[in-house]
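Below is one structure, written out as structure tokens, with a few remarks after it.
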Amino acid sequence: MKIAIEELAGCSGCTIAVLDLHEMLLDVIEAADIVYSPVIMDVKEPPGDIDIAFVTGAVRNEENHERLKKIRRCSKTLVALGTCACYGGISGLSMLSSNEDLFRYIYQEVETAKPDGVIPTDVPPFLYRAFAVGDLAKIDYYITGCPPKEAFLREIIPAMIAGDTLELSRKSVCSECDRFMGPVENWSLKHRHEGVPDREHCLLGQGYLCLGSVTFGRCGAACPKNNIPCHGCNGPSLDILREPCRDIYNMMVRRISDLTDKPAKEVEKELYDVAHTMYAFTIGSLIMEDKETSKIRDLVKERGR
Amino acid sequence: MDIRVDKDACVGCGLCVKDCPMHVYELQDNVSVPVRPNDCMGCLSCHEICPAQALEHRGIYPARRHYIDIKVCEMLRKVI
Ligand code: SF4
Ligand code: SF4
Ligand code: SF4
Ligand code: SF4
Ligand code: SF4
């Protein structure tokens, strides 16, 4: 059994998450050889006979696209690992700026830019948009999470290598959250830095934009359990992925409106920076953009150029 | 009607209580309980609004569905 991990436009956090298996890694390499992973070993190209390849990161430039095609050709099973690969993830947020603006910012405007401010021409050209890997290649499985959490990988990776099947919950983050709702009165939206939420009640009910209800679980509601609203890093819950008329934005507005008895229009007025607060992890996904009710198209049009 | 509530998943938000046109649910100790299951007309509004996907109606399927994109179906089957 040969496994590999390919890196596209991401932060390599997903590969580090695999290393977070710690001593369990010993069992993994007993059962399988890791033959290629640019982050953890010095092998430049994938061999042609990989059994399971994991691909992390989105597709943002031509090199990413070539690498994706190559790893697909080289592997029997290709698994999208992490939210960048599954839905574009944070790499997709680059679509909020034009390519020219991105290059200018990175090579000229940030503090660490070289003093000569030359924009290099020998880097792979950017594509016109970001893509999730499933938009461009056939994918056999999707494992979401930014990064996928260790407890989840500990279950799924050994099972994949052994060819076993697992029964896992397919519900939202709310289903794993230990908070309860309690009364909601005089609701108004709070920014994350405002106040300190109480530990018992639902964060959404307390006015924080917690995306737990529209987000796929598997993280054990890690953020709400640490008093931080969920920002959606596992990608959309499966009902949102499935239903054409449901989207992250409209279901959040509906739930807030039902919960607070405020008309949806009033709720919408209170929302801020929808691109980053609601679509931070899905903006680069064609599947999420193609929904009738998705706001992604407008957000990209508004900010680009 | 056989309505199941996943008690561990339910966050007690009461949205199903509010949204059910037939008043099927009541909140008891922060968990939704289907107290009038036989009044249910199977509209599944409660499924749509429940933030925790805690509800299950045995043997009911929505009669009319929106067309679901083939790409989405492909992906749905593969999310693990
Ligand atoms: S999903 Fe998150 S952890 Fe993984 S590569 Fe993308 S940004 Fe990094
Ligand atoms: S909205 Fe957030 S805080 Fe409320 S139940 Fe869901 S995950 Fe927990
Ligand atoms: S609670 Fe939300 S943001 Fe936090 S790890 Fe889970 S999915 Fe990600
Ligand atoms: S399916 Fe409709 S009628 Fe039945 S419990 Fe749910 S909301 Fe009420
Ligand atoms: S909508 Fe779902 S989470 Fe809320 S009370 Fe009803 S069953 Fe529980």
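All of the numbers you see were taken from the coordinates with simple rules; none came from a lab. Not measured: the values here are computed from a predicted model. As a convention, Cβ positions derive from the backbone with ideal geometry for all residues, glycine included, and neighbour counts pool all protein chains shown.
Using helices alone, what [θ] at 222 nm do you get for chain B, with -39,500 (n - 2.57) per DSSP H run of 4 or more residues, divided over all residues and rounded to the nearest 500? Mind showing how you got there, number by number?
Details: 3 runs with 19 residues, N = 80.
Mean residue ellipticity at 222 nm (helix-derived): -5500 deg cm²/dmol.
Mind giving me the nanometre distance, one decimal, between the label points for A:ASP42 and A:ASP140, set 7 Å out from Cα along Cα→Cβ?
Taking the two extended label points, one gets 3.1 nm.
Give the average, rounded to an integer, of partner chain Cβ atoms located within 10 angstrom of each Cβ in A:172-183. Working shown, then result.
Details: counts 6, 2, 9, 10, 3, 4, 2, 3, 8, 9, 4, 1.
Partner Cβ neighbours, averaged per residue: 5.
Semi-axes of the stretch B:15-80's equivalent ellipsoid from the Cα gyration tensor, sqrt of 5 times each eigenvalue, largest first, rounded to whole Å? Could you put the intermediate results ahead of the total?
Numbers: eigenvalues 146, 43, 19 Å².
With the √(5λ) rule applied to the stretch B:15-80, the semi-axes are 27, 15, 10 Å.
Take the Cα radius of gyration of chain A and divide it by 2.2 N^0.38 Å, with N its residue count; two decimals is plenty. List each step's numbers first, then the result.
On the way: Rg = 20.4 Å, N = 305, 2.2 N^0.38 = 19.3 Å.
Rg over 2.2 N^0.38 Å, computed on Cα atoms: 1.06.
Per the Debye formula with a single identical scatterer at each Cα and no solvent contribution, what log10 I(q)/I(0) holds for the stretch A:173-301 at q = 0.12, 0.18 Å⁻¹?
The calculated log intensity ratios at q = 0.12, 0.18 Å⁻¹ are -0.42, -0.98.
Take B:ILE70 and B:ASP2, extend 7 Å from each Cα along the Cα→Cβ direction, and tell me the distance between the two endpoints in nm.
3.5 nm
If packing is taken as the mean number of other Cβ atoms within 10 Å per residue, what is the order of A:212-220, A:111-119, highest first?
A:212-220, A:111-119
At 0.36 nm per residue, minus the direct Cα-Cα distance, what do A:ARG297 and A:GLU185 gain on full extension? Give it in nm, one decimal, please. Kindly include the intermediate steps, with their values, before the conclusion.
Values: separation 112, 0.36 × 112 = 40.32 nm, distance 3.42 nm.
Going from the current span to full extension adds 36.9 nm.
Over the stretch A:1-135, what number does the Rg to Rh ratio reach, with both radii from the alpha-carbon atoms and Rh per Kirkwood? Numbers along the way, then the final one.
Details: Rg = 16.5 Å, Rh = 16.0 Å.
Rg divided by Rh gives 1.03.
How many Cβ atoms of partner chains, on average, are near each residue of B:42-55 if near means within 10 Å of its Cβ? It would help to have the intermediate numbers written out before the result.
On the way: counts 0, 0, 0, 0, 0, 1, 7, 6, 7, 19, 11, 11, 4, 0.
Per residue, the number of nearby Cβ atoms from other chains is 5 on average.
For the cross-link pairs A:LYS70/B:LYS71; A:LYS44/A:LYS76; A:LYS70/A:LYS291; A:LYS265/B:LYS71, which exceed 28 Å when the distance is taken from alpha carbon to alpha carbon? Can you show the working numbers first?
Working: A:LYS70/B:LYS71 22 Å; A:LYS44/A:LYS76 20 Å; A:LYS70/A:LYS291 30 Å; A:LYS265/B:LYS71 32 Å.
Over 28 Å apart, Cα to Cα: A:LYS70/A:LYS291; A:LYS265/B:LYS71.
Can you run the Rg to Rh ratio on the stretch A:84-176? Use alpha carbon positions and the Kirkwood inverse-distance Rh.
Details: Rg = 19.0 Å, Rh = 16.9 Å.
Ratio of gyration radius to Kirkwood radius: 1.13.
Would you mind calculating the relative contact order of the stretch A:173-301 from Cα pairs under 8 angstrom and at least 6 residues apart, reporting the percent as a whole number? Let's see the in-between values first.
Numbers: 181 pairs, mean separation 28.8, N = 129.
Contact order relative to length: 22 percent.
As a check on your grasp of the helix formula, calculate [θ] at 222 nm for chain A: sum -39500 (n - 2.57) over DSSP H runs of n ≥ 4, divide by the residue count, round to the nearest 500. Don't jump to the answer; show the numbers that get you there.
Working: 14 runs with 101 residues, N = 305.
Roughly -8500 deg cm²/dmol at 222 nm, from the helical runs in chain A.
Mind checking which of A:ASP20, A:ASP178, A:ASP42 has the largest fluctuation in a GNM of chain A, springs on alpha carbons under 10 Å?
Highest fluctuation of the listed residues: A:ASP42.
Once Lys and Arg get +1 and Asp and Glu get -1 on their Cβ, which of A:PRO147, A:PRO236, A:ALA264 lies farthest toward the positive end of the dipole of the protein assembly as shown?
Toward the positive end, the furthest listed residue is A:ALA264.
Measure nothing but the geometry: give the 0 to 90° angle between the long axis through the Cα atoms of A:62-74 and the longest principal axis through the Cα atoms of chain A, rounded to 10°.
Compared with the principal axis, the helix lies near 70 degrees.
What does DSSP give for the protein assembly as shown in terms of the percent of beta bridges that are antiparallel, rounded to the nearest 5? Don't skip to the end; give the middle numbers.
On the way: 12 of 31 bridges.
Roughly 40 percent of the DSSP beta bridges within the protein assembly as shown come out antiparallel.
Straight-line reach from A:LYS149: which lysines fall under 21 Å, measuring Cα to Cα and dropping same-chain residues less than 8 apart?
Those lysines meeting the cut-off are A:LYS171, A:LYS225, B:LYS78.
Run through the stretch A:1-73 and list the GluC sites (Glu not before Pro) located in a DSSP loop whose Cβ has at most 15 other Cβ atoms within 10 Å.
Details: sites: A:GLU6, A:GLU7, A:GLU23, A:GLU30, A:GLU62, A:GLU63, A:GLU66; in loops: A:GLU23.
Within the stretch A:1-73, the qualifying GluC sites (Glu not before Pro) (loop, at most 15 other Cβ atoms within 10 Å) are A:GLU23.
Once you average over the residues of A:238-246, how many Cβ atoms of partner chains fall within 10 Å of each Cβ?
Values: counts 4, 4, 0, 5, 7, 6, 6, 2, 2.
The mean count of partner-chain Cβ atoms within 10 Å per residue comes to 4.
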